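First up is the structure itself, then whatever we jot down about it.
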Amino acid sequence: MKKLSALAIGATMALSATAMPATAQDVAPAALIISQGGLGDGSWNDSAFAGFEAGLEATGIEGRPIESNDVAAQGEEIMRRAADAGFGLVISLEWIHGEPMEKLAVDYPDTDWVIMNQTREGDNIASVVFAEHEGSYLAGALAAQVTTDTSIKGINAEPIIGVIAAVKAPGIDKFLVGFIQGAMAINPDIEVKVAYAESFGDPAKGEQMANAMFDEGADIVYHVAGGTGIGVIEAAKNAGHYAIGVDTDQDGMAPGSVLTSMIKRVDVAVDEIVQGYAAGEFPGGEVMDFGLAQNGVALSDMEYTKDIIPAEYLERVEGFKQDIIDGKIDVWDVSSQGYPDFFK
């Protein structure tokens, strides 16, 4: 794996680079814009960066991640500077960048652009969409079964679970609504506590909020909060309860205290895009879907908890998965359907 070194574009952006071999000199370099929370979040950004590195390694082209002190507010400036600097492929992991990217795609028609978690118009824009609601449905169904099984250590008899999100936005609430719908499929009367940390990078706040939910009777808390979620997992470990990880397989962050993780294979998506770009096969104007059917979202293998979860619970979750793939279960998608009545 090539080592990436740091350099700067502007006062607020930091990049790191690999050497470009002669065989790839005719391909303009690729840029990966890191979203809120930054590298080291153990989640969305780190997973995408791993896929980015894999794509660079496989193709030999040059590539650089871009981090900004205020990636949300400076989105248009960051992306414009990347295009001006000669990057032929610009992948943004920041949801807020979708609207300015449409404008920039017109201004820079020779640059290939990629936006995540939404669809945008443009012959030189590839949109990558994950069915996070589908994977979260399975996580909710598992949590709702486990939460009242007092034969499992750390579980009380109350049908109470929780979810902590970074911010309130459709792209985040998509996870929450799927999770709640899955839990309600098991128990329509289950209580799902919902809270927003207003940060992707505050583990201390995540820990505080998770502890509050545990004190209120929850014994399983799902996090959709990037680096803030590290604190949720820490709280679960210290309290003797359970967290559910997100984006990557976070089960090993606190073995035995992470019930499962809802994995979102952004690493696979980014790797595929980089390799396609390098081969002259960029999917401009296309929407790339990654759902349960494509193995783009999935629950973890539960390496550290599978032995304590009754087999019938896992079988039921597997049944839900197949029903979703077969179209027998319609999981609510906030990004396309708005908000359901059960989520206020």
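Just so you know, all these numbers are worked out from the coordinates, no wet-lab data involved. Being a predicted model, the structure only gives us computed values, none of them experimental. With ideal geometry, Cβ positions are generated from the backbone for all residues, glycine too; neighbour counts draw on all protein chains shown.
Calculate I(q)/I(0) for the chain by the Debye formula, one identical point scatterer on each C-alpha and no solvent, and give its log10 at q = 0.08, 0.14, 0.15 Å⁻¹ to two decimals. Scattering profile of the chain, log10 relative to I(0): -0.38, -1.06, -1.18.
Could you order peptides 186-199, 265-278 by the average number of other Cβ atoms within 10 Å of their residues, highest first? If you can, show how the numbers build up before the last one.
Values: 186-199: 16.5, 265-278: 21.9.
Result, highest mean Cβ count within 10 Å first: 265-278, 186-199.
In the elastic network of the chain, a GNM with C-alpha springs shorter than 10 Å, the most mobile of Gly201, Gly182, Gly280 is Gly280.
Of interest is the spacing of the C-alpha centroids, which for the range 257-310 and the range 149-166 amounts to 26 Å.
If you place +1 on the Cβ of every Lys and Arg, -1 on the Cβ of every Asp and Glu, and leave all else neutral, what size is the dipole of the chain about its Cα centre, to the nearest 20 Debye?
On the way: 20 positive and 53 negative charges, 97 e Å.
With only Lys, Arg, Asp and Glu charged at Cβ, the dipole is about 460 debye.
Give me the orientation-averaged projected area of the Cα convex hull of the range 301-344, in nm², one decimal. Working shown, then result.
On the way: hull surface 19.5 nm².
Mean shadow area of the hull around the Cα atoms is 4.9 nm².
Seen against the Cα atoms of the chain and their longest principal axis, helix 229-239 is set at about 30 degrees.
As a rough guide to protection, the peptides 114-125, 144-155, 216-227 ranked by mean Cβ packing within 10 Å, highest first, stand as 216-227, 114-125, 144-155.
Within the chain, DSSP assigns beta bridges of which about 20% are antiparallel (rounded to the nearest 5). Using the structure shown, select from Lys103/Lys205; Lys153/Lys264; Lys193/Lys306 the pairs with a Cα to Cα distance greater than 30 angstrom. Result: Lys103/Lys205 exceed 30 Å.
Within straight-line reach of Lys344, meaning a Cα separation under 16 Å, sit the following aspartates and glutamates at least 8 residues removed in sequence or on another chain: Asp173, Asp189, Glu191, Asp333. Summed over qualifying helices (DSSP H, 4 residues or more, each -39500 (n - 2.57)) and divided by its residue number, the chain shows a 222 nm mean residue ellipticity of -11500 deg cm²/dmol.
Angle check, please: helix 170-186 long axis (alpha carbons) against the longest principal axis of the chain (alpha carbons), in degrees 0 to 90, nearest 10. So the inclination is approximately 30 degrees. Sorting Met209, Met79 from the fewest to the most surrounding beta carbons within 10 angstrom yields Met209, Met79. Just need log10 I(q)/I(0) for the range 61-124 at q = 0.19 Å⁻¹, Debye formula, equal scatterers on the alpha-carbon atoms, no solvent, rounded to two decimals. Scattering profile of the range 61-124, log10 relative to I(0): -0.65.
Kirkwood radius, the range 173-246, all distinct C-alpha pairs, inverse of mean reciprocal distance: 12.3 Å. For the range 70-87 versus the range 179-226, the inter-centroid distance based on Cα atoms is 34 Å.
Against the main long axis of the alpha-carbon atoms of the chain, helix 75-84 sits at an angle near 30°.
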